[in-house]
1. Please work out which residue is surrounded by the most Cβ atoms within 10 Å (Cβ to Cβ), limiting yourself to the range 16-31 and to residues that are in contact (Cβ under 8 Å) with a residue 12 or more places away in the chain and either of a type in the set (A, V, I, L, M, F, W, C) or part of a strand (DSSP E or B) (or both).
2. Of the numbered conditions (1) touching a strand residue (DSSP E or B) at 6+ places or on another chain (Cβ under 9 Å); (2) modelled with pLDDT under 85, Gly88 satisfies every one except a single condition; which is it?
3. Within the range 37-77, which residues are in a loop (DSSP other than H, G, I, E, B), of a type in the set (S, T, N, Q) and surrounded by fewer than 13 Cβ atoms within 10 Å (Cβ to Cβ)?
4. For Val34, only one of the following conditions fails: (1) assigned to a loop (DSSP other than H, G, I, E, B); (2) touching an Asp or Glu at 6+ places or on another chain (Cβ under 9 Å). What is its number?
5. Have a look at Phe73, Phe58 and point out the one that is of a type in the set (Phe, Trp, Tyr), under 15 Å from the mean Cα position of the chain (by Cα) and modelled with pLDDT of 85 or more.
6. Please go through the range 11-31 and pick out each residue that is closer than 14 Å to Lys59 by Cα and touching a His at 6+ places or on another chain (Cβ under 6 Å).
Amino acid sequence: MLSLKYTRAILDAINSGELANVEYETYDTFNLHVPKTCTGVPDEMLNPKKSWTGSTDFKEEVTKLGGLFVDNFKKYADEATPEVVKAGESKFQRIPDSG
């Protein structure tokens, strides 16, 4: 869990513009951009892979989660705008169905 102290440090970095000038790592499955550094926050708190303590491989779990997201989105795809559907299709086309 991210402490209030670290949450405040991240919000301060956002508000000051600091995070606009740091290097980011991208998690392909969700196109999630994670800052590699943030003043006052340990790197392992920024990067979920570094703080992963699960019994399974991190990448395997992320891929599984992506598949579950795809399966769940299918239930609501007819309610989404064409742009949202297209973005999802291009991003998650590599993830096999989890079922």
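The values are calculated or read from the model by the stated rules, or taken from the named source; none is laboratory data. Only a predicted model underlies this, so the values are computations on that prediction, with no experimental measurement involved. As a convention, Cβ positions derive from the backbone with ideal geometry for all residues, glycine included, and neighbour counts pool all protein chains shown.
1. Leu19
2. (1)
3. Keep residues of the range 37-77 that are in a loop (DSSP other than H, G, I, E, B), which gives 37, 39-40, 42, 47-57.
From what's left, of a type in the set (S, T, N, Q): 37, 39, 47, 51, 53, 55-56.
Matches in the range 37-77: Thr39, Thr53, Ser55, Thr56.
4. Among (1) assigned to a loop (DSSP other than H, G, I, E, B); (2) touching an Asp or Glu at 6+ places or on another chain (Cβ under 9 Å), the lone unmet condition for Val34 is (1).
5. On the way: Phe73 fails: under 15 Å from the mean Cα position of the chain (by Cα).
Answer to the check: Phe58.
6. Correct list: Thr26 only.
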